[in-house]
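Nothing in this text is a laboratory measurement; each read-out follows from the coordinates by a stated rule. The model shown is predicted, which means the values in this text are computed figures rather than measured ones. Here the Cβ positions follow ideal geometry from the backbone for every residue, glycine too, while neighbour counts run over all protein chains shown.
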Amino acid sequence: MSIETTGHDHDPFRIGCAVDADALDDPVYRQLIPRLFRLITPENAMKFVSLRPSRDVFDFAAADRVMELAEAEGLAVRGHTLAWHSQLSEWVGELPAGERADVLRDHIHTVVGRYSGRIEQWDVVNEPLDDDGAPRRTPWFEASGIDYIADAFRWAHEADPSARLFINDYNVEDLGEKSDAYYVLVQRLLAEGVPIHGFGAQGHRIVGDPPTTMRENLQRFADLGLQVALTEVDIRMPVGVDEASVACVNAADLERQASDYTTMVAAARAVPECTAFVLWGLSDGHSWIPETFAGFGAAHVLDGRLQPKPAFDAVFGEQAQAAVEVEAALP
Ligand code: 9MR
């Protein structure tokens, strides 16, 4: 499979996946990623808690491993994520609110600066709004109010003027209350001259409930001059166990899942400014879903034995070579 080189502002649509730095020790995992994907997102390695064991210490070991893979294989990287309320080191919450803005500025300058010129897109602020569109009461919000969002983008831009800077959230694929709130927020940030370049819709979905207005929704952000991306796609389904205690799924759900992936890929591809469609993990065996949603799983397009599911063709249909690449990577 040929891997095209990537530029910045006029990227073609790329299919990507989230990479678990620890799993890179597995040669099959390591080999399969560049065979299938042209873009990767570190799943956890660039989160605050991973990088910052204490205020004075930065630990870049896991993040650097993901960058080594990307650079060895010519893959674009989506950095994830700088200002988020989750996976935030406990010591941040213990700081007086007045010191937190300094910590965030230092964090963003150091992390974005370290990888300057090497990370194409950054999820600068992740999940800053609640489902009703109100600002989420995060430790960063408590410290600086809503201005922390603009500040974070400005600091990231100072540290790497070439990176495309995204705001990212879940439940914003379709038109609706939450995506409307983002639309208003992004317009305000742009009017204030804040360097924001992208809107990321995570795309965590449940089978049988595909987005219905995703193209229109993404296009309105694109029409503001932004890139858009599907940043963490998976489509979970109920998972049972058979008499031999083997996990099993309903065949009809696999077909519905393929149809839902088809719907999402088509809507994303229909927006010329959509630069990425990122699957969250490499397979059902590397997915956050079973640990988080009891009774659900099988959200990916590859199963736990790295075998393509019906949804695989929905995503890779235009690359007939993809299934051959999976086969070739298996022992
Ligand atoms: O996939 C990630 C999982 O390994 C972590 O335990 C979890 C902690 O919240 O975060 C997962 O990734 C999240 C992503 O960074 C932001 N959007 C929601 C994702 C699923 O929780």
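Numbers below:
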read-out	value
For segment 51-148, the Rg and Dmax computed from alpha carbons only, in angstrom	14.6, 43
For T41, distant residues with modelled amide H under 5 Å away	C17, A18, V19, R78
Amide H contacts of A83 (H built 1.01 Å from N, under 5 Å, at least 5 apart or other chain)	V125, N126
For segment 164-175, 3J(HN,Hα) per residue [Karplus equation, 6.51 cos²θ - 1.76 cosθ + 1.60, θ = phi - 60°, Hz, x = Gly/Pro]	8, 9, 10, 9, 9, 7, 9, 6, 10, 5, 9, 4
Net charge of neighbours whose Cβ lies under 13 Å from the Cβ of R215, counting Lys and Arg as +1 and Asp and Glu as -1	-3
Fluctuation leader among W140, W91, W122 - the chain, Gaussian network, Cα springs under 10 angstrom	W91
Nonlocal amide H pairs with V233, under 5 Å, H built at 1.01 Å	V278, L279, W280
The chain - Rg and Dmax from Cα coordinates, angstrom	19.2, 61
Whole-Hz couplings from phi, Karplus 6.51/-1.76/1.60, listed for segment 59-69; x for Gly and Pro	10, 9, 4, 5, 4, 5, 5, 5, 5, 4, 4
Residue of A222, A181, A252 that the Gaussian network model of the chain assigns the largest fluctuation, springs spanning Cα pairs under 10 Å	A252
Radius ratio Rg over Rh of segment 173-248, counting only Cα atoms, Kirkwood formula for Rh	1.20
Rg [Å, one decimal], Dmax [Å, integer] - segment 10-62, C-alpha atoms	13.7, 40
For the chain, built as a Gaussian network whose Cα springs stay under 10 Å, the top-fluctuating residue of R236, R55, R205	R55
³J(HN,Hα) computed for each position of segment 107-118 - Karplus, 6.51 cos²θ - 1.76 cosθ + 1.60, integer Hz, glycine/proline x	4, 5, 4, 6, 6, 5, x, 4, 9, 4, x, 10
Added length on full extension, which subtracts the Cα-Cα distance from 0.36 nm per residue, R136 to N250	37.3 nm
Ascending count of other beta-carbon atoms within 10 Å, so fewest first, for D25, D64, D174	D25, D64, D174
When segment 200-331 is reduced to its Cα atoms, the Kirkwood hydrodynamic radius in Å	15.4 Å
